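As structure tokens, the structure follows; a few thoughts come after it.
The values are calculated or read from the model by the stated rules, or taken from the named source; none is laboratory data. Values in this document were obtained by computation on a predicted structure and should not be read as measured data. All Cβ positions, glycine included, derive from the backbone under ideal geometry; neighbour counts span all protein chains shown.
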Amino acid sequence: MKKLLLLLFSLFLLNSPSVFADDISDFEIEGMSIGDSLLDYLSEGEILERIEHGIDKNSYFYLKEPNKFIEIYLRKEFPTYDDVSVFVKNNSTSKYLTNKNEKYIILALRGFITYIEDHNSCIQKRDEIIEDLSKMFPNVQRRDELRTHRVDPSGNSITDGIDFSLDSGGVVDAQCSNYEENFRILNKYSEGFSITVVSAETIRWFKDK
């Protein structure tokens, strides 16, 4: 059975936990890392089409600058994940693009496995990953958080997650989402396990509400 290290480490043979903690660009999800150009995986036309017609264009409405970054789904088949998405600066306008060399640079990655109405299996998968991450990062700050999901005003949808704060300021987060069923169906949401690698720049955006 394939060992589900949903994060693949390009420096896996190095045995110092502090090395892993220092550089978030050493993490890969389906061969992609923070700092890569999305142009290595999609054409510019495909990127712009996804920015214009993104399925989650309004997902971050609660942030102070909800459109500063945009989440782009790759819509390809992957060996491990049902879906993979990346975050880049929103280049549909030049409002936030201060350096043309930053165009389409990946600043966060997310891998997702669907568990519809199967929260227990999702938690089991998450805990497998957390066990591996805890061994790799014995000295890295870990935070466990069960919270209601921001997008559901009823308070009946939750995320149950564990994250590791890295020395670089980035975060590796593994969590399960579990929406209230009527709310999920109405909004055509999926639910399940996600693992996300987030740069310090994107973390600041997420926290600026």
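Being of a type in the set (Lys, Arg) and at positive phi is the filter here; which residues of segment 154-209 pass it?
Scanning segment 154-209 gives a single hit, Lys188.
When segment 147-169 is filtered for residues that are more than 16 Å from Tyr60 (Cα to Cα), assigned to a loop (DSSP other than H, G, I, E, B) and either in contact (Cβ under 8 Å) with a residue 12 or more places away in the chain or not small (Gly, Ala, Ser) (or both), the ones remaining, listed by number, are Ser154, Asn156, Ser157, Leu166, Asp167, Ser168, Gly169.
Yes/no per residue for (1) surrounded by fewer than 22 Cβ atoms within 10 Å (Cβ to Cβ); (2) modelled with pLDDT under 90:
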site	(1), (2)
Leu166	no, yes
Gly170	no, yes
Glu181	yes, no
Phe193	no, no
Lys209	yes, yes
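Exactly one residue out of Ile116, Ile129, Ile123 is over 18 Å from Ala200 (Cα atoms), surrounded by fewer than 16 Cβ atoms within 10 Å (Cβ to Cβ) and among the aliphatic types (A, V, I, L, M), and it is Ile116. Of the residues Asn101, Asn91, which single one is at pLDDT below 85, over 13 Å from the mean Cα position of the chain (by Cα), buried (at least 17 other Cβ atoms within 10 Å of the Cβ) and among the polar types (S, T, N, Q)? Residue meeting the stated conditions: Asn91.
All of (1) among the aliphatic types (A, V, I, L, M); (2) more than 17 Å from His119 (Cα to Cα); (3) touching a helix residue (DSSP H, G or I) at 6+ places or on another chain (Cβ under 6 Å) hold for Val198 with one exception: (3).
Selection of segment 107-144 for residues being modelled with pLDDT of 95 or more and β-branched (Val, Ile, Thr) yields Ile113, Thr114, Ile116, Ile123.
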